[in-house]
Amino acid sequence: MLWTGPVLTANGFVDGWFDPESGKKGDGKPPGPAMEGVILPSFRNCHTHLGDTLARDEAPDESLAELVGPNGFKHRWLSGADVAASITAGLREAAGCGTALILDFREGGEPGLEQLSRGATNAGWCVEQGAPLVIPFGRANGGWPLPGRNAGLPGLKDLAPGAGQRMAIEARVLGGLVALHFSEVEREPIELMLEHEPDFLIHLCNCSDKDLRAIAEMRLGVVICPRSNARFGLRPPLEELLALGVDVGLGTDNGMLCTLDMLAELRFCRETFPDVAPEVLLQLACQGLDETLKKAIECNRIVGLPGGRILLSQLQADPLEAVFDPRTKVLATRFTCE
């Protein structure tokens with residue numbers, strides 16, 4: 001069945017329709033029976049740890065270091081869990097919430113990436129058939145060798161001396177991307193961060209103004225995870241990043257800490273960052289980290305990005321307000337491989 005209603009375009013919302021079977025679209029009334037709602041581009045989740053999704057009900061009320069540090073709860077849980085099944089649960093949750101692109105950080109070296117592959121297979125995840133795309137960011141066991149092309153590095157203090165630089169060098173040799181958790185709980189030296197030559201950074205809750213300006217001048221991408229950060233009393237500097245023109249994306253972080261629901265992330269962002277226009281927040285959810293990812297495509301560091309549309313329930317006349325309404329649900333999805 002066709003979809004009809006307000007369609008988000010580069011110029012705002014316009015009345016139109018979309019055919020999820022053919023991908024055709026048009027303005028005005030649909031040429032046949034149609035489901036009504038708000039039609040958006042699919043979401044991007046620019047930072048996840050899918051492996052611990054099924055630990056959500058078990059995660060204790062502990063500090064960030066106790067939960068996700070090198071010997072923390074997460075790693076103990078991963079060592080004895082069916083991680084592939086946990087990943088499957090996370091993927092299905094993300095897809096059901098309208099997410100077409102996931103940048104997932106995998107611990108555990110080559111076995112960690114194999115778990116991601118098995119989890120995707122179990123979820124019926126086939127990009128060629130229009131399923132969402134997961135770009136894995138691996139992490140080496142003991143710092144060597146790097147599994148896959150992309151390096152997903154933890155915080156600087158969690159890296160053995162020289163390990164982060166080695167993984168970053170390997171990723172660049174393989175033509176991959178380098179991402180680094182940075183200044184989440186406490187400020188970390190920007191000079192040490194630069195030694196890893198990252199393409200984008202995660203969190204930045206404790207960067208100085210000088211650090212933020214330097215990051216903007218170097219045109220590094222940044223992914224923020226507001227709901228996850230708030231659990232530990234942290235707040236990413238979204239207003240400052242946007243004012244500096246930084247390429248920003250949104251992520252939900254660990255599956256055990258937050259759902260993979262980008263609508264929930266959007267609603268939380270509106271409460272947490274009241275000075276950021278809601279249309280800007282929506283753009284971050286649908287096209288976050290766009291400059292960084294498009295640059296990676298141009299350099300053949302990633303193949304392409306998925307597209308598609310999602311249909312949301314519309315319980316308010318204003319479609320933008322409807323998106324942020326806590327009662328809003330995803331009614332249908334159509335993912336494409338572009």
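The values are calculated or read from the model by the stated rules, or taken from the named source; none is laboratory data. Keep in mind the model is a prediction, meaning the values are calculated, not measured. All Cβ positions, glycine included, derive from the backbone under ideal geometry; neighbour counts span all protein chains shown.
Within the group Gly5, Gly16, which residue is surrounded by 14 or more Cβ atoms within 10 Å (Cβ to Cβ) and free of Cβ contacts under 8 Å to residues at least 24 places away in the same chain?
Numbers: Gly5 fails: free of Cβ contacts under 8 Å to residues at least 24 places away in the same chain.
Among Gly5, Gly16, only Gly16 is surrounded by 14 or more Cβ atoms within 10 Å (Cβ to Cβ) and free of Cβ contacts under 8 Å to residues at least 24 places away in the same chain.
Within the stretch 33-51, residues that are among the acidic types (Asp, Glu) reach partners that are modelled with pLDDT of 95 or more with beta carbons closer than 8 Å, at six or more positions or on different chains, in the pairs Glu36/Trp3; Glu36/Thr4; Glu36/Gly5; Glu36/Gln314. For the stretch 52-68, the set of residues classified as over 15 Å from Leu116 (Cα atoms), surrounded by fewer than 24 Cβ atoms within 10 Å (Cβ to Cβ) and not polar (S, T, N, Q) consists of Ala55, Arg56, Asp57, Glu58, Ala59, Pro60, Asp61, Glu62, Leu64, Ala65, Glu66, Leu67, listed by residue number.
Residue-by-condition table, conditions (1) surrounded by fewer than 16 Cβ atoms within 10 Å (Cβ to Cβ); (2) out of contact with any helix residue (DSSP H, G or I) (no Cβ under 8 Å at 6 or more places or on another chain); (3) more than 22 Å from His49 (Cα to Cα):
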site	(1), (2), (3)
Leu263	no, no, no
Leu282	no, no, yes
Asp318	yes, yes, yes
Phe335	no, no, no
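Condition check ((1) charged (D, E, K, R); (2) free of Cβ contacts under 8 Å to residues at least 60 places away in the same chain; (3) more than 18 Å from Ser228 (Cβ to Cβ)) across all residues:
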| position | (1), (2), (3) |
| --- | --- |
| Pro132 | no, no, yes |
| Gln165 | no, yes, yes |
| Glu197 | yes, yes, yes |
| Asp211 | yes, yes, yes |
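In the stretch 200-224, the qualifying residues are those that are of a type in the set (Gly, Ala, Ser) and not in a strand (DSSP E or B), and the one that is surrounded by the fewest Cβ atoms within 10 Å (Cβ to Cβ) is Ser208. For the stretch 236-256, taking the residues that are among the charged types (D, E, K, R) and closer than 21 Å to Asp104 by Cα, the one that is surrounded by the most Cβ atoms within 10 Å (Cβ to Cβ) is identified as Asp253.
Rundown of residues vs (1) over 23 Å from Gly304 (Cα atoms); (2) over 17 Å from the mean Cα position of the chain (by Cα), yes/no style:
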{"residue": "Val83", "(1), (2)": "yes, yes"}
{"residue": "Ser86", "(1), (2)": "yes, yes"}
{"residue": "Ala89", "(1), (2)": "yes, no"}
{"residue": "Leu153", "(1), (2)": "no, no"}
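Being more than 23 Å from the chain's Cα centre (by Cα), of a type in the set (Lys, Arg), over 22 Å from Ala179 (Cβ atoms) and in a helix (DSSP H, G or I): is that true of Arg76 here? Considered against the rule, which asks whether it is more than 23 Å from the chain's Cα centre (by Cα), of a type in the set (Lys, Arg), over 22 Å from Ala179 (Cβ atoms) and in a helix (DSSP H, G or I), Arg76 comes out as yes.
Residue by residue, here is whether (1) at pLDDT below 95; (2) surrounded by fewer than 23 Cβ atoms within 10 Å (Cβ to Cβ); (3) out of contact with any Asp or Glu (no Cβ under 8 Å at 6 or more places or on another chain); (4) among the small types (Gly, Ala, Ser) holds:
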{"residue": "Pro30", "(1), (2), (3), (4)": "no, yes, yes, no"}
{"residue": "Leu50", "(1), (2), (3), (4)": "no, no, no, no"}
{"residue": "Pro70", "(1), (2), (3), (4)": "yes, yes, no, no"}
{"residue": "Ala84", "(1), (2), (3), (4)": "no, yes, yes, yes"}
{"residue": "Gly90", "(1), (2), (3), (4)": "no, no, yes, yes"}
{"residue": "Leu103", "(1), (2), (3), (4)": "no, no, yes, no"}
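For the stretch 142-163, a residue qualifies if it is closer than 28 Å to Ser208 by Cβ, without any contact (Cβ under 8 Å) to a residue 40 or more places away in the chain and part of a helix (DSSP H, G or I), and the qualifying residues are Leu156, Lys157, Ala163. Taken together, Glu170, Glu197 contain a single residue that is more than 23 Å from Glu291 (Cβ to Cβ) and surrounded by fewer than 24 Cβ atoms within 10 Å (Cβ to Cβ), which is Glu170. Of the helices (runs of 4 or more DSSP H) entirely within the stretch 238-338, those holding at least 2 residues that are under 19 Å from the mean Cα position of the chain (by Cα) and touching a residue at least 40 places away in the same chain (Cβ under 8 Å) occupy 262-272, 278-287, 290-298, 319-324.
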